[in-house]
Amino acid sequence: MNETPQPPLPSVRRLVEQGAAGLHRYPDNTAGALLAALAGRLGVPAGRILVGPGSAGLCQHLLQALGRPGAGAPPRTGVVHAALSFEAYPLLIANAGARPVPVPMAGYGHDLAAMAEAVGTDTRAVIVCNPNNPTGAVLRRAEIEAFLDRIPPEVTVVVDEAYREFVTDPDVPDLVELARDRDNVCVLRTFSKAYGLATLRVGYAVVPEPVAATARMVGAVFFPGGLGQAAAVASLDPAADDELRTRCAEVTAERARLGHRLRRIGLPVAPSEANFVWLPLGAAAQAFTDRCRAAGILVRGYPDHGVRITVGTAEQTDRLCAAVGDFAVTHLPAAVAR
């Protein structure tokens, strides 16, 4: 599920434990303290920020909000997305009363030219995942800017940056910065991954103010919960920054080690800028997934495509590699194993 192997920051854990005494109280339904903390951190007005049940939940809220045309305007139902991206997108799109428009990938990443071509008069939105889940591929500044320039202003581009904190490539832009002067770009982020708050379900989005106003009317009531709001505010405290950077650096170092170990035993590994690696195993994906499960290790298999492996601890890396040490020899043709 791409959780971090590390628990929440100690100060955040203490705050959540102490907050258990207030479980009988409703949370602040405006999430005022969290919005203020995010606005200060991001340098954007609080009116442009949405908070909700993780980036996935916010994605659905945005798609629902974007499906409310103005008076006399025809409904827009198409949502363009990469064909091998976050597996929940088609469901979120359908739940928002829209129609998925999948576009095949270009290698491990988005085919931005084909996605732009897929935009039509009935397109409600385009979803871009950067880094992409499950392949770990990233889009860089020049290609994203060129893509955004091709999208009509009435079509919203939703950029999912759930794994942004693990990016080490300096040419991958901060979409919040890039979207400041664009009125059709929404950026999704989450506290579930790098911050280690997956069970509390806290995400946020930076969106144009008219979109924010509509999205607040379709969002879930009393989300995030009180403990989630408090934990997210504490995670944004500047005092926690050094600890977060250290933890992300540990994950990215282990990501490199995991990829190196897997390549040494003959398995193909795609470049990754997230907290997981992608093995393009094709027809052997299910056999690899089964081998891992038999060893008590859960990986995410995509039949006939590949396998996504979340970066864990050094001990977990060693255990995984021991379990699949002969897989390339027994299951992969020479053209795939490298």
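Quick check on Glu273: is it part of a loop (DSSP other than H, G, I, E, B), closer than 26 Å to Thr190 by Cβ, among the charged types (D, E, K, R) and in contact (Cβ under 8 Å) with a residue 60 or more places away in the chain? Yes.
Residues in segment 151-184 that are among the aliphatic types (A, V, I, L, M) and at pLDDT below 95 were compared, and the one that is surrounded by the most Cβ atoms within 10 Å (Cβ to Cβ) is Ala179.
The rows are residues; the columns are (1) touching a Gly at 6+ places or on another chain (Cβ under 9 Å); (2) assigned to a helix (DSSP H, G or I); (3) not aliphatic (A, V, I, L, M).
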{"residue": "Arg41", "(1), (2), (3)": "no, yes, yes"}
{"residue": "Val51", "(1), (2), (3)": "yes, no, no"}
{"residue": "Ser55", "(1), (2), (3)": "yes, yes, yes"}
{"residue": "Pro90", "(1), (2), (3)": "no, yes, yes"}
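Yes/no matrix, rows are residues, columns are (1) aliphatic (A, V, I, L, M); (2) surrounded by fewer than 17 Cβ atoms within 10 Å (Cβ to Cβ); (3) closer than 19 Å to Ala106 by Cα:
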{"site": "Leu262", "(1), (2), (3)": "yes, no, no"}
{"site": "Pro271", "(1), (2), (3)": "no, yes, yes"}
{"site": "Phe276", "(1), (2), (3)": "no, no, no"}
{"site": "Tyr302", "(1), (2), (3)": "no, no, yes"}
{"site": "Thr310", "(1), (2), (3)": "no, no, no"}
{"site": "Thr313", "(1), (2), (3)": "no, yes, no"}
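Considering Leu112, Leu92, Leu139, which residue is under 26 Å from Arg255 (Cα atoms), under 19 Å from the mean Cα position of the chain (by Cα) and outside the structural domain of Val307 (by TED's automatic domain parsing)? Going through Leu112, Leu92, Leu139 in turn, just one is under 26 Å from Arg255 (Cα atoms), under 19 Å from the mean Cα position of the chain (by Cα) and outside the structural domain of Val307 (by TED's automatic domain parsing): Leu139.
In segment 23-51, the qualifying residues are those that are out of contact with any Pro (no Cβ under 9 Å at 6 or more places or on another chain), of a type outside the set (Gly, Ala, Ser) and within 13 Å of Gly226 (Cα to Cα), and the one that is surrounded by the most Cβ atoms within 10 Å (Cβ to Cβ) is Asp28.
The values are calculated or read from the model by the stated rules, or taken from the named source; none is laboratory data. Because the structure is a prediction, the values reported are computed rather than measured. Cβ sites come from the backbone with ideal geometry, for glycine too, and all protein chains shown count toward neighbours.
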